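Okay, so here's the structure we're looking at.
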């Protein structure tokens, strides 16, 4: 019981230091959550530099709003929410919305059900970053963050049908990307194993 009280007290002291904008506390929070939050930003950004900008903007918002954090709740989840919302705000500011008719989207069957297990995290991230900002935002919010199409539509100021359409099209693009990569790999492998004339 004393251990739990000491942890609560330590968290409260840390939050108080953050509220007072003490640099050591800000640096500790940043360093502790940098990796995970950078991963979130990388999924939404088109490049590492863009992701770093989003990360820094997200942490600025965290530091500005730390007084709104409710001790006893999950601090990492609270930070992640702010970072995801920062990415959504960035999307809203920089991407022109195109309403794409759901009837244009076609159903995608899974040709290779185990394709993701054969890919590295870097290859998957590279593929997601190849998506257009509209497709990337919807894909991340739906697949990674678990938003519903209604929530995505509200967050991105698009219709639910556009959200669904963009998700289907993102999946198509990802499948094409991975199919091309698989073909490139097979060609390189075949070329390496074939005898020279």
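Before moving on, here are some points about what is shown:
- Search result, residues across region 31-52 that are more than 20 Å from residue 90 (Cα to Cα) and either in contact with a strand residue (DSSP E or B) (Cβ under 7 Å, 6 or more places away or on another chain) or surrounded by 16 or more Cβ atoms within 10 Å (Cβ to Cβ) (or both): 33
Results for (1) over 27 Å from residue 78 (Cα atoms); (2) modelled with pLDDT under 85, shown as yes or no for each residue.
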{"position": "99", "(1), (2)": "yes, yes"}
{"position": "104", "(1), (2)": "yes, yes"}
{"position": "116", "(1), (2)": "yes, yes"}
{"position": "121", "(1), (2)": "no, yes"}
{"position": "127", "(1), (2)": "yes, no"}
{"position": "143", "(1), (2)": "no, no"}
{"position": "163", "(1), (2)": "no, no"}
{"position": "182", "(1), (2)": "yes, yes"}
{"position": "190", "(1), (2)": "yes, yes"}
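- Residue list for region 142-161, filter: part of a helix (DSSP H, G or I), touching a residue at least 40 places away in the same chain (Cβ under 8 Å) and under 15 Å from residue 91 (Cα atoms): 155, 156
- The sole residue among 84, 62, 138 that is modelled with pLDDT of 90 or more, in contact with a helix residue (DSSP H, G or I) (Cβ under 6 Å, 6 or more places away or on another chain) and within 30 Å of residue 26 (Cβ to Cβ) is 62.
- Counted residues, region 7-42 - those being assigned to a helix (DSSP H, G or I) and touching a residue at least 24 places away in the same chain (Cβ under 8 Å): 15
- Candidates in region 144-162 are the residues that are surrounded by 15 or more Cβ atoms within 10 Å (Cβ to Cβ) and closer than 20 Å to residue 45 by Cβ; of these, the one that is farthest from the chain's Cα centre (by Cα) is 158.
The values are calculated or read from the model by the stated rules, or taken from the named source; none is laboratory data. What you see is a predicted model; the values in this text were computed from it and never measured. Because the Cβ atoms are built from the backbone with ideal geometry, glycine has one as well, and the counts that use them run over all protein chains shown.
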